[in-house]
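All of the numbers you see were taken from the coordinates with simple rules; none came from a lab. Source: prediction; values computed, not measured.
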Amino acid sequence: MAEQTIGSTRTFVLAKGFTQVSNHSALMGEDDTKRLFAEVYADPDRPDVRPQEAYKAILSSMQPGWTLRLLQLFWPDPEPRLEFQRQVQRWNVPNTEGLDILRQGLSLAVQEYPLPFVRRTVWEFVLPGDEGIAWWEGLNGLCAGFGLRIRYLDQTAIESLTRWVLNPNLEYRA
């Protein structure tokens, strides 16, 4: 039996640009495939999230030969830090020098401390043709019953994702 490559980072990052497929941005692979991306996350209003059951339903709904790659990424998340900095800026200026030095030190420490990271789950779907787009767009409905939400990635988000895969240097660059 001949060895078959299921997915590789090389084909992910050696892309030929973007194209529009229905309402979605698609990354053109070096092999002329159209690759769609979506982030999957838990519905914050649902305590009964069942991702394992959702994954089973998704995999059983796929046609033979289709390719769906699951990427688990640890991504820098600047939002908690930025929110804390906004709150610190709204504090009243202390009336004593010591407290003001502490406030300035805290502000500086927060700016210099490494960013927190979040785990992100991203799907890459190699579009097999017209029948695949209906399946892709139906993922929202399929996953909703299990407490999962889908956020389809636009061109800017896909570009950010490829930069992170190419250079995950653990530093955030906007």
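Taking max minus min of the alpha-carbon positions on each principal axis, the chain gives extents of 74, 38, 33 Å, largest first.
Taking the chain as a Gaussian network of alpha-carbon nodes connected by springs under 10 Å, the highest mean-square fluctuation of the residues E79, E159, E137 belongs to E79. Which residue, G138, G98, G65, has the most motion in a Gaussian network model of the chain that connects Cα atoms within less than 10 Å? Sorting by GNM fluctuation, first place goes to G98.
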